[in-house]
Each structure stands twice: as C-alpha cells, then as structure tokens.
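Visitor: Before we start, here is the structure in question, set down as structure tokens.
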Amino acid sequence: FSMFGSKRIYALNEEMELNTELILEFLKDHKNERIFLFGFTFMIWQHFYKQLIEKKINLDLSNGLLIHGGGWKKLVSESISSYDFKDKLQQACGIKHVYDYYGMVEQTGSIYLECECGHLHTPIFSDVLIRRASDFSIAEIGEKGIIQVVSVLPFSYPGHSLLTEDEGILLGEDDCSCGRLGKYFKIVG
C-alpha cells in the first residue's frame, strides 16, 4: 500500500515503539489534509493502539483513513472484535475511517477490501467461493464453509486458485447496501 502515499513515515521503529516525534511532526506538516495509514491488524492493535493508551499519547488522526489486514488470529486470545478494534482506535486517536481487508501472500495482488457496511468485496479480477467442508460443493448464500479464492493475477506460480483454511459466509452478490457490485462475504473463523 505504500505506493499510494506521497510522503511515507513509519509509526513504529525497529523495536516496535512509537516514533512519537516523527508522527507529531508529520501531523503538523499535513494538518487538515487527508492522511492514509496502513498496517497489519495485530501490529496496529498490539503496538500502536496499546502504546497510545499506556503512554497517554494524544494523536489527532481524525483526517485519517486506515486500511489494515492480517493477524486477526494473533488477536484471538484478546477477544477483540472488528467493531471493538474500530471503536477503540476512534476513542484513542479520533480515526473514523477504518477498513479491514482480506488477502494473502500466497495469492499476490488479491485484496478483498471491506466496505462501509463491514462486508468484504471481491474485486473484478478475482472471485471467492465458499465450499462445504463435507464434500467441497459450493455453499449457498448465508451458509458457512471453507473459503476458496480465485484470481487471474498469478502467472509465475500456481496461485490462481487456493483453498484456504479460513471459514466464511457468502452474504450476497450485487446487492450490498454500499452499492458496490459483485460478491461480498465475511470471515467467521
């Protein structure tokens, strides 16, 4: 995601501590501008959010847009939901626009971005299939199953179709309240 930023800074140093001075300087230089933030979900929670709270650091990220993904499994022991994640970040630093994404290194370029309604959407160059664990047949809308991701992007390796270990539910197609077309789904485990 760094290619979408014109000036990049890192909120965490190599010791996973907040670069507070650098962040404050960046915010001062870009006051009243839209700020794009991204990172791994578990790192944002365990290192960014928790340090803001523990060190009582006040950052105004109300003009920010955060895209995060990866590492929800590392937060299972903390029982943090997507709603709580967003709510706590808004309380800590004022950020209102927080969007999760689903994707994996095994299928480069396939990103399933969350919409305003909290649903993950398939991009036009990709698809998601939900398969029944009992026989791998295609599950119905609303039925839980194993997620298979399909993409036209991988050329240099056999990554065009992957059966994941993740469970999900197809919520619908072409009828999400956000207005985006295509399939939309959620991860349940």
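The values are calculated or read from the model by the stated rules, or taken from the named source; none is laboratory data. Keep in mind that this is a model prediction, so the values were computed, not measured. Please note: Cβ atoms are built from the backbone with ideal geometry, for glycine as well, and neighbour counts cover all protein chains shown. For the accessible areas, the whole protein counts, side chains as well, though only heavy atoms, and no ligand, DNA or RNA atoms are used. Shrake-Rupley method; radii C 1.70, N 1.55, O 1.52, S 1.80 Å.
Visitor: Any idea what angle helix 82-93 forms with the longest principal axis of the chain, computed on alpha-carbon atoms, 0 to 90 degrees, nearest 10?
Guide: 10 degrees
Visitor: OK, next. Could you tell me which residue out of 35, 109, 52 lies farthest along the dipole of the range 28-128 toward its positive end? Charges go on the beta carbon: Lys and Arg +1, Asp and Glu -1, centred on the Cα centre.
Guide: 52
Visitor: While we're looking at this one, here's another question. Determine the sum of side-chain charges near residue 65: Lys and Arg each +1, Asp and Glu each -1, restricted to other residues whose C-beta is under 11 angstrom from that of residue 65.
Guide: Here the count lands on +2.
Visitor: Please label the shape of the range 99-189 as rounded, prolate or oblate, based on the square roots a ≥ b ≥ c of the eigenvalues of the alpha-carbon gyration tensor (a/c under 1.5 means rounded; beyond that, a/b larger than b/c means prolate, else oblate).
Guide: Oblate shape, in that a/c is at least 1.5 and b/c is the bigger or equal ratio.
Visitor: Once you have the Cα-Cα distance between residue 175 and residue 16, take 0.36 nm times their residue separation minus that, and quote the gain in nm to one decimal.
Guide: 53.1 nm
Visitor: How many angstrom separate the Cα center of the range 113-154 from the Cα center of the range 44-87?
Guide: Rounded to whole Å, the Cα centres lie 26 Å apart.
Visitor: Let me ask something else about it. Across 5 Å bins from 0, what is the distribution of all Cα-Cα pair distances for the range 63-118, in whole percents?
Guide: For the range 63-118, the binned pair fractions read 4, 16, 25, 25, 18, 9, 2 percent.
Visitor: If you don't mind, another one. Quick check: net charge around residue 160, other residues with Cβ under 15 Å of its Cβ, Lys/Arg +1 and Asp/Glu -1?
Guide: Summing Lys/Arg as +1 and Asp/Glu as -1 gives -2.
Visitor: What share of the DSSP beta bridges in the chain is antiparallel, in percent to the nearest 5?
Guide: 70 percent
Visitor: Leaving ligands, DNA and RNA out of it, work out the accessible area of residue 104 with a 1.4 Å probe and give it in Å² to the nearest 10.
Guide: 40 Å²
Visitor: Using helices alone, I'd like the mean residue ellipticity at 222 nm for the chain: each DSSP H run of four-plus residues gives -39500 (n - 2.57), total over residue count, nearest 500.
Guide: Helices in the chain give a 222 nm mean residue ellipticity of -4000 deg cm²/dmol.
Visitor: If each of residue 7 and residue 34 carries a label point 7 Å out from its Cα toward its Cβ, how far apart are those two points in nm?
Guide: 1.8 nm
Visitor: Whose amide H sits under 5 Å from the amide H of residue 172, counting only residues 5 or more places off or on another chain, with H placed in the peptide plane?
Guide: Result for residue 172 returns 184.
Visitor: About the Cα centre of the range 92-187, what is the dipole size in debye to 20, counting +1 per Lys and Arg Cβ and -1 per Asp and Glu Cβ, all else neutral?
Guide: 140 debye
Visitor: Now, a different point. Over the chain, with a single point scatterer placed on each C-alpha, what log10 of the ratio I(q)/I(0) does the Debye formula yield at q = 0.08, 0.14, 0.16 1/Å?
Guide: -0.30, -0.87, -1.07
Visitor: Right, next: Can you compute the charge dipole magnitude of the chain about its Cα centre, using +1 on each Lys and Arg Cβ and -1 on each Asp and Glu Cβ, nothing else charged? Give it in debye, rounded to the nearest 20.
Guide: Here the chain has a charge dipole of around 360 debye.
Visitor: Using the Cβ atoms and a cut-off under 12 Å, what net charge is assigned to the surroundings of residue 86, where Lys and Arg are +1 and Asp and Glu are -1?
Guide: Within the 12 Å Cβ shell, the charges total -3.
Visitor: So what is the relative contact order of the chain, in percent, for Cα pairs below 8 Å that sit 6 or more residues apart?
Guide: For the chain, the relative contact order is 13 percent.
Visitor: Separate question: For a test of understanding, tell me how many lysine pairs in the chain have Cα atoms under 19 Å apart, given they are 8 or more places apart or on different chains.
Guide: Lysine pairs, 8 or more places apart or on different chains, close enough: 24.
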